[in-house]
Structures are given as structure tokens and as C-alpha cells.
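Down below is the structure, laid out as C-alpha cells.
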Amino acid sequence: MDQDIEVLARTIRRLTGIEIGYYKPNQLQRRLGNMMGRAGARTFAEYARVLETDPDALAYFVDKFTINVSELFRNPEKFEQLRDHFLAPMLRRFGRLSIWSAGCSIGAEIYSVVMLMDQLDPRGTHRYLATDIDAAVLERARKGQYCDQDVRNVAPALMSRYFTREGSTWQVCDAIRSRVQFRRHDLLQDRFESGFHLILCRNVVIYFNDDAKSVLYRRFYEALVPGGALFVGGTERIPDAREIGFQTTMPFFYVRPDGQPGSRGAASLNQGTGLPARGAGVSGPSERHRRGTQ
Ligand SMILES: C[S@@+](CC[C@H](N)C(=O)[O-])C[C@H]1O[C@@H](n2cnc3c(N)ncnc32)[C@H](O)[C@@H]1O
């Protein structure tokens, strides 16, 4: 990053907690260029001043930068595999499951999983954590309200069981909604919990640079219990999966095998982020962004 973009990066980091240095440079510059054009800013420094002084421009930046596209049962056949090859056997083996949707956007992904789990184990008291960097999208997720397009892949039986129609939206029922804990969390800067049986991180890392991805996948490995699985997006694969220690039984699912040690180079990852610092103040989201977002 040249000096000018470094000024913008610092401003964005301070105002939002987002660390743009971990995103792919070409895509980053293109996306910033579009947003700057809309804001009438000709340089990165000018755009930094706009973000500083115009709350609407800042909200627009966060909204566009994070790209929240999602829907329930995105890639439905993968959710069938998830149910039959992972959730059902894990339930038999572990009893109570701990599941994390990382980069959950509007909550469509985690609600899809809770619905599947409710079908498999209606009395279960499983733990569901859903996190995202974008506080505004988490508010939407908590509400659990969706349009026709968002629910187009939901099976009719699940539709009638878990949704009610309210005007033009589909409302997820409280019994499903209340089981999920939504929380703001930056995958590139915040600490990870551990002990998960399933982590879903789909269509999130596509904009991250290779270093960030590599560290992130190691951290996911560490956050899983032996026998736990990481479920990634339909266009994603982990190039160094074997080196990390993952087994791949079918595309888009990566399993931490039983009896495996920690991943190579990940010994202390859950003590910190494992990512190189990108400048002053990179250690965590700003107070301003944290307030009202947990
Ligand atoms: C395209 S959505 C994917 C939603 C869902 N996982 C799916 O596949 O349908 C990507 C989400 O990743 C979130 N995201 C981007 N960078 C992130 C980061 N550093 N930490 C956590 N979430 C992030 C965005 O806010 C956005 O909601």
C-alpha cells in the first residue's frame, strides 16, 4: 500500500475496526475506486476525509465493503450432505454439538443449520454461535426476516414449520431464532473460541489475501474438536489442507481427524490472531465500532 492508501487504511481501521490490508490488493483498489467515485473523492486521502466527516458515507462503505449476499440453504445439495454425512453422525457421536457460522451475514446460514438440527434432534440443546464483522447485518440477522428470494431453497415442509408470513416478509419462528447467539467478530483480528464440532465459513474469505487465508484456516483447525468439520463455500478450497492436518472426505468439507496434534505453525494461534500486525492500532476493533455491536 502506498502512503496515500495507508492514510485511508488507518482511518478505516480507527473508525470501523476493519483492516483493509488483509484483503486482495487488486480487488480492494477496484472496490475502493467504485466507492470513492460515488463519494466524489479523487484520492484515498480525500476519501479518508469523507469517511471521517460523513456518517452516511461511512455506513455505505461498511455495507458495500463487507458484501452481505446470502440465502437460506445456499447450495441446497451441500446442506443435504452436511445433514447426512456430518450432523447426523456427529450427533450420535458427541451428543451435544457446538456450531459456529463465521461470517454469518443476515443469519440465513445458521438458521438453515438450526432447522436441520431441529429435524434431527428436536429436544437437543446445542450451541449455535453466529458472527460477522458488520454490526448492521447482525441486527438484520437477529430479526430473522427474509424475502422470497432468500427462502427459495427452503423445502416446503421446513417453510410451513419454521416460518410465518408477515406482509411481504418471511419471519423465522422464535423457537429457531432464540437458539442463536449473534456477536460481532472480526475473523482477521479477534480471538477465536475453541471446542466447535462444526464451523461454517462460506463465501467470506474470497476477498482475503493468501497469507490471511492460510492463517485463518489454521485457526479454524485449532478451533475444532478432533472429529469436527469445517464447511467452506462452493467455490472455495484450502490449498494447504493436508499440511494443516485436515482430511477431506468430500469437496467443501474439511475434517480435523482424531488423535491429530495441532496444525503446523499454529501452536499459539488462539493466543492471538497469528496474523502480522498491519500498523498501529491493529490489535482490535475500535471502541467506537464495538459500542452497541456485541
Ligand atoms: C457473502 S457473505 C457470506 C454469508 C454466508 N456465509 C453465506 O455463504 O451465505 C460474507 C460475509 O462475510 C463478512 N465478513 C467480511 N470480512 C469479514 C471479517 N474480516 N470477519 C468476519 N466477517 C467478515 C461480511 O460482513 C459478510 O456478511
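The figures follow:
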{"read-out": "Residue within the stretch 260-278 that is modelled with pLDDT of 95 or more, in contact with a strand residue (DSSP E or B) (Cβ under 8 Å, 6 or more places away or on another chain) and in the same structural domain as residue 99 (by TED's automatic domain parsing) present", "value": "no"}
{"read-out": "Qualifying residue in the stretch 202-209 (condition: of a type outside the set (Val, Ile, Thr), crowded, with 22+ Cβ neighbours inside 10 Å and either without any contact (Cβ under 8 Å) to a residue 24 or more places away in the chain or within 16 Å of the ligand (Cβ to nearest atom) (or both))", "value": "yes"}
{"read-out": "Scan of the stretch 87-138 for residues that are charged (D, E, K, R) and more than 12 Å from the ligand (Cβ to nearest atom), ordered by number", "value": "92, 93, 96, 118, 121, 123, 127"}
{"read-out": "Conditions (1) away from the ligand (no atom under 12 Å from the Cβ); (2) modelled with pLDDT of 95 or more; number of the one not met by residue 79", "value": "(1)"}
{"read-out": "Of all residues in the stretch 218-232 being within 21 Å of residue 87 (Cα to Cα) and of a type outside the set (A, V, I, L, M), the one that is nearest to the ligand (Cβ to nearest atom)", "value": "231"}
{"read-out": "Count - residues of the stretch 225-242 that are loosely packed, with under 14 Cβ neighbours inside 10 Å and either at pLDDT 95 or above or outside the structural domain of residue 207 (by TED's automatic domain parsing) (or both)", "value": "2"}
{"read-out": "Pick from the stretch 243-259, criterion more than 19 Å from the chain's Cα centre (by Cα) and in a loop (DSSP other than H, G, I, E, B), ranking: surrounded by the most Cβ atoms within 10 Å (Cβ to Cβ)", "value": "256"}
{"read-out": "Residue satisfying condition, being outside the structural domain of residue 204 (by TED's automatic domain parsing), near the ligand (Cβ under 10 Å from one of its atoms) and not small (Gly, Ala, Ser), within set 62, 50", "value": "62"}
{"read-out": "Some residue of the stretch 19-36 being surrounded by 18 or more Cβ atoms within 10 Å (Cβ to Cβ) and either more than 16 Å from the ligand (Cβ to nearest atom) or assigned by TED's automatic domain parsing to the domain that holds residue 190 (or both)", "value": "yes"}
{"read-out": "Helices (runs of 4 or more DSSP H) contained entirely in the stretch 88-183, each with at least 3 residues that are closer than 30 Å to residue 12 by Cα and either over 14 Å from the mean Cα position of the chain (by Cα) or not hydroxyl-bearing (Ser, Thr, Tyr) (or both)", "value": "108-120, 135-143"}
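Conditions (1) at positive phi; (2) modelled with pLDDT under 95, marked per residue:
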position	(1), (2)
11	no, no
17	yes, yes
22	no, yes
25	no, yes
29	no, yes
34	no, yes
49	no, no
58	no, yes
62	no, yes
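The values are calculated or read from the model by the stated rules, or taken from the named source; none is laboratory data. Nothing here was measured: the structure is a model prediction, and the numbers come from that model. In this analysis, Cβ positions are derived from the backbone assuming ideal geometry, glycine residues included, and neighbour counts consider all displayed protein chains.
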